[in-house]
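Inspection log for the structure reproduced underneath, given as structure tokens.
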Amino acid sequence: MKLTQLTNEVKSNQTLYTWALKVYSIKHPPPYRRPNMEFEFDAWVGISSFHYRSRRQIGEDNAGPYPYKKITGNQYETCNFADSRNGLQMNVTNLRLVMPYAKDLYQLTTALRNKYIAHRHLGSPRFNLVQAYLFSQFGMTLPAFLARRKDRPVPDGQLQPLETAFYMLGTAPYMLVRQTMVRGDATALDPQPMSGRRLYELSDASGVLISTRDRACPASIKLICEFFDVIMNGSYGGPLDSSEVQRVLDLLGNWDRYYAYSHAASRIALLVKLNQALTAHGLLALHRSRQVAGTADEPLLQAVLETALKRSYVNTSKGRDEADILESIREVLVAVLRDHGDETTLDALKSIGYLEPAAVGSPPVPADSARRIRQATQVIFCACARDLLTVRQALGQSGWRSIREHDLLERTGGSELSSLLARMDQLH
């Protein structure tokens, strides 16, 4: 019996699953209870298994990581929207939980946008996709900040519906940029703001409205366009008089601490993703050069390469070459990090030749490839350690353990990457 099948059978027995998860969590606690969650998990996955007031997970059907994804009683209906979702199953329970808070959600989004724009001194109330990606990550950190801070943490199972709805819908620009980027599409680099309708069309074309489990987003086309216009263009024009919004702002407390946490946490996620893409690109070039073909190192190289590509979310469904997609990922992530203000890290990467498109030349030498991967990893590790310190300070969790450069290598290409680099050192 496969592990996935066994796990699903355990999950179907609620009592057995509860006990099994308690035992498993002794050694592998859920991400939101781990000191370095912001480094160890992607922005969405880290907090997605946290529970809100109804004891459902805030990530709903897309909660993770897998052992913590619960089988939840949902009502599904066949989608009849005239777009890519047509005919797929959609979770209408999720939609019914969000819709009663739509007006408050628009006000909260607007209030946070206003504070975010003022804090960053942005010159326009409308976001382009790079700016929207950062604001979307900013929104995704809201429940994480509330749950993980030392002072007045929100207990698991007590997150309120409005904060949950903001997390669920506020991820849309993040998912849109990621989905286009990993297909080799550089649309995210367009410096101009876009209408809600245009953003919906991009989402539909890029597959954002369909989950990896082939579940459709249950929101109507009108609602998607409307929310995109609110979050991207600040189109909500009503008064910001919601007591629920004020409750959330009061709950957040010190705005500077929240901003510092969000800024640092989102930058860590970007830095890790960049290291994964740069490493995957270097390993892919080495693999295609056939420099280690037929040797004992080839299976190890292939295994680590597959891990790095998977963690980069490379998607070749549109027929694009993996190397071209990795170049696109690098280009978009560099643009986002530049908007994020991390010129120090970008300058360091530029000095070792990592900010230009890969040159076409002689086949790479394994030892040189290993050296370059280590150089980039060292630069990005220093940036991650810097931002993780800011995360701890903002959360008031100064006692958490530090990360090592080896941790970044493992996060990038799996547990075998260090061994592969050591073997590559011997191949001149």
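The values are calculated or read from the model by the stated rules, or taken from the named source; none is laboratory data. The structure displayed is predicted, hence computed values, not measured ones. Heads up, the Cβs are rebuilt from the backbone with ideal geometry, glycines too, and the neighbour counts pull from every protein chain shown.
Assorted remarks:
- Considering Asp61, Asp83, the condition of being crowded, with 16+ Cβ neighbours inside 10 Å, closer than 20 Å to Gln179 by Cα and not assigned by TED's automatic domain parsing to the domain that holds Pro153 is satisfied by Asp61 alone.
- Any hit, region 112-121, residues being crowded, with 23+ Cβ neighbours inside 10 Å and among the aromatic types (Phe, Trp, Tyr): no
- Qualifying positions in region 207-257 - farther than 18 Å from Tyr116 by Cβ, basic (Lys, Arg), touching a Leu at 6+ places or on another chain (Cβ under 9 Å) and modelled with pLDDT of 90 or more: Arg247
- Test result for Tyr167, farther than 21 Å from Pro30 by Cβ, surrounded by 22 or more Cβ atoms within 10 Å (Cβ to Cβ) and aromatic (Phe, Trp, Tyr): no
- Just one of the numbered conditions (1) touching a residue at least 60 places away in the same chain (Cβ under 8 Å); (2) in a loop (DSSP other than H, G, I, E, B) is not true of Val208: (1).
- Region 1-56, subset basic (Lys, Arg) and touching a Lys or Arg at 6+ places or on another chain (Cβ under 9 Å), residue modelled with the highest pLDDT: Arg33
Conditions (1) within 22 Å of Leu105 (Cβ to Cβ); (2) of a type in the set (Phe, Trp, Tyr); (3) under 19 Å from the mean Cα position of the chain (by Cα), marked per residue:
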{"site": "Leu169", "(1), (2), (3)": "yes, no, yes"}
{"site": "Gly196", "(1), (2), (3)": "yes, no, no"}
{"site": "Ser203", "(1), (2), (3)": "yes, no, yes"}
{"site": "Ser206", "(1), (2), (3)": "no, no, yes"}
{"site": "Ala216", "(1), (2), (3)": "yes, no, no"}
{"site": "Cys225", "(1), (2), (3)": "yes, no, no"}
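- Qualifying position, being more than 24 Å from Ala303 (Cβ to Cβ) and touching a residue at least 24 places away in the same chain (Cβ under 8 Å), among Leu421, Leu427, Leu349: Leu349
- Region 68-114 - residue that is among the acidic types (Asp, Glu) and under 25 Å from Ser206 (Cα atoms) and, of those, farthest from the chain's Cα centre (by Cα): Glu77
- Listed conditions (1) part of a loop (DSSP other than H, G, I, E, B); (2) in contact with a Ser or Thr (Cβ under 7 Å, 6 or more places away or on another chain); (3) more than 26 Å from Arg178 (Cα to Cα) are all met by Asp156, apart from (2).
- Condition met for Arg372 (under 20 Å from Gly413 (Cβ atoms), out of contact with any strand residue (DSSP E or B) (no Cβ under 6 Å at 6 or more places or on another chain) and either in a loop (DSSP other than H, G, I, E, B) or at pLDDT below 95 (or both)): yes
- If you go through region 398-418 and pick out every residue that is in a helix (DSSP H, G or I) and touching a residue at least 24 places away in the same chain (Cβ under 8 Å), you end up with 8.
Yes/no matrix, rows are residues, columns are (1) among the β-branched types (Val, Ile, Thr); (2) buried (at least 17 other Cβ atoms within 10 Å of the Cβ); (3) under 24 Å from the mean Cα position of the chain (by Cα):
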{"position": "Ala367", "(1), (2), (3)": "no, no, no"}
{"position": "Ala370", "(1), (2), (3)": "no, yes, no"}
{"position": "Ile373", "(1), (2), (3)": "yes, yes, yes"}
{"position": "Val379", "(1), (2), (3)": "yes, yes, yes"}
{"position": "Cys382", "(1), (2), (3)": "no, no, yes"}
{"position": "Ile403", "(1), (2), (3)": "yes, yes, yes"}
{"position": "Gly414", "(1), (2), (3)": "no, yes, yes"}
{"position": "Ser419", "(1), (2), (3)": "no, no, no"}
{"position": "Leu427", "(1), (2), (3)": "no, no, no"}
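- Given (1) at pLDDT below 95; (2) over 30 Å from Val391 (Cβ atoms), number of the condition Gln179 does not satisfy: (2)
- The sole residue among Phe41, Phe50 that is within 28 Å of Leu409 (Cα to Cα), out of contact with any Phe, Trp or Tyr (no Cβ under 6 Å at 6 or more places or on another chain) and buried (at least 20 other Cβ atoms within 10 Å of the Cβ) is Phe41.
- Any hit, region 78-89, residues being closer than 30 Å to His340 by Cβ, touching a strand residue (DSSP E or B) at 6+ places or on another chain (Cβ under 8 Å), part of a loop (DSSP other than H, G, I, E, B) and not acidic (Asp, Glu): no
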